[in-house]
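None of the figures in this text is laboratory data; all of them are computed from the coordinates on show. Since this is a predicted model, take the numbers as computed values, not measurements. Cβ placement follows ideal geometry from the backbone for every residue including glycine, while neighbour counts extend to all protein chains displayed.
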Amino acid sequence: MPTRHLIIGGGTAGMNAMRTIREEEGERSEITLVSAEKPYSRMVLPYYLDRSIAESHVFTATAALLTKWGVKAHLGRRATGLDVKKNVCTLDDGTTVEYDDCMVATGSSAVRAPVPGADGRAVHSFWTLEQARGVIAGITPGSSVAMVGAGFISFTILNSILSLGAKLTVIELAPGVDARVVHLAPIPLPAPSPACPIPELNGRDFIVAIATHSMTPDSAARSTGKIMTSERSSA
């Protein structure tokens, strides 16, 4: 009886797992994929944000590829139960999937800031395709955008937001910015200032060593933007 592999999650880890199984296995096995979303790459979302690529280029697994790999796919479905004694996974439609080994590769999800207004209509995270669509829909030339957080994810989308003609303010709790992430946003600007000792960021509205206490549509539109993005995530 062929080994039955179950992959839960269609992101980069799940895709690489299926590819590696097919490349390295000695005997043909069975692969079942369970993914709430059609598999796509989160790493290319910044390019989708600035419209460098079309949405169709975000997706990583075509029906033809999954057929070639012999993958039985349950797309649009979520795993709701995992019986590790019986090796059975239950899906949200009641379907059960038996397996010999299971890889949970669902990744992390964005954490909303624990402040009033963080669940507002104009407040967005940037981690999934659906969230990226929301950010794109909200940004027009001249829009004021407040980005809460100056870490890795913020810097991957900083140039994309600016390329859409938005006015950007970055708000960061730390007293400065980690220089290791600055190469992700090469903006030719004047010499460093004491508040922001990184040349690439000078000239932007950059607020450091300040906590965000609330997010409201009025204050966002009036001061730091009608869209705020939060970048913290939790597994």
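State whether the range 21-62 is rounded, prolate or oblate according to the following rule on the C-alpha gyration tensor (a ≥ b ≥ c being the square roots of its eigenvalues): a/c under 1.5 gives rounded; otherwise a/b larger than b/c gives prolate, and the remaining case gives oblate. Prolate, because a/c is 1.5 or more and a/b exceeds b/c.
Computed packing ranks the peptides 65-72, 97-104 as 97-104, 65-72, most packed first, by mean other Cβ atoms within 10 Å. In angstrom, the C-alpha Rg and Dmax of the range 45-96 are 16.1, 47.
Ranking of 15, 147 by neighbouring Cβ atoms within 10 Å, starting from the fewest: 15, 147.
Rounded to the nearest 5, the antiparallel percentage of DSSP beta bridges internal to the range 4-104 is 35%. Neighbour counts of other Cβ atoms within 10 Å put 56, 125, 108 in the fewest-to-most order 56, 108, 125. Note on the range 4-104: the alpha carbon radius of gyration divided by the globular reference 2.2 N^0.38 Å gives 1.15.
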